[in-house]
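**Student:** After the structure tokens below, expect a handful of questions from me.
The values are calculated or read from the model by the stated rules, or taken from the named source; none is laboratory data. What you are looking at is a predicted structure, and each value in this text was computed from that prediction instead of being measured. The accessibility values were calculated without ligands, DNA or RNA, using every heavy atom of the protein model including side chains. Shrake-Rupley method; radii C 1.70, N 1.55, O 1.52, S 1.80 Å.
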Amino acid sequence: MKVSIIPEKCIACGLCQTYSNQFDYYDNGIVKFSNSDKLEQNLSDNQANLLAVKSCPTKALRIDS
Ligand code: SF4
């Protein structure tokens, strides 16, 4: 599945990484992908990634396809 990050919506709560290590944070706490600074990435649609995306309180993570 294609996942997008919308950094301006991220409130640096730290929740997504507790579900999936595909997510990491910049020094200011704003979310990024662990292995890339891009805003869009293909991730496997496993439960951890789905939970991470769906649990984001501000919808800063989005499944595009
Ligand atoms: S769960 Fe959402 S708001 Fe919280 S750090 Fe992750 S992307 Fe940002």
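**Student:** Using modelled amide H (1.01 Å from N, peptide plane; none on Pro or chain starts), what sits under 5 Å from the amide H of PHE23, excluding residues fewer than 5 places away?
**Tutor:** SER34
**Student:** Using helices alone, I'd like the mean residue ellipticity at 222 nm for the chain: each DSSP H run of four-plus residues gives -39500 (n - 2.57), total over residue count, nearest 500.
**Tutor:** On the way: 2 runs with 14 residues, N = 65.
That comes out to -5500 deg cm²/dmol.
**Student:** Quick one: 3J(HN,Hα) in Hz for the range 22-31, Karplus 6.51/-1.76/1.60 with θ = phi - 60°, rounded, Gly and Pro as x.
**Tutor:** Each residue of the range 22-31 in turn: 6, 10, 9, 9, 6, 4, 8, x, 7, 5 Hz.
**Student:** Next up: Each residue of the range 45-56 in turn: what ³J(HN,Hα) in whole Hz from Karplus with 6.51, -1.76, 1.60 and θ = phi - 60°, glycine and Pro shown as x?
**Tutor:** After applying 6.51 cos²θ - 1.76 cosθ + 1.60, I find 8, 7, 5, 4, 5, 4, 5, 4, 5, 6, 8, 4 Hz.
**Student:** Moving on to the next point. Which of the aspartates and glutamates could be linked to LYS54 by a straight reach, that is with a Cα gap under 18 Å, when you skip same-chain ones fewer than 8 residues away?
**Tutor:** Result set, ordered by chain and number: GLU8, ASP24, GLU40, ASP45, ASP64.
**Student:** When the accessible area of the chain is computed with all protein chains present and a 1.4 Å probe, what percentage of it is carbon and sulfur?
**Tutor:** Answer for the chain is 49 percent, counting heavy atoms of protein chains only.
**Student:** Also: Can you give the accessible area per residue of the range 2-63, in Å², using a 1.4 Å probe?
**Tutor:** Counting only protein heavy atoms, the per-residue value for the range 2-63 is 61 Å².
**Student:** For the range 2-63, take N as its residue count and report Rg(C-alpha) divided by 2.2 N^0.38 Å. Please report the intermediate quantities before stating the final value.
**Tutor:** On the way: Rg = 9.9 Å, N = 62, 2.2 N^0.38 = 10.6 Å.
Against the empirical 2.2 N^0.38 Å value, I get 0.94 for the range 2-63.
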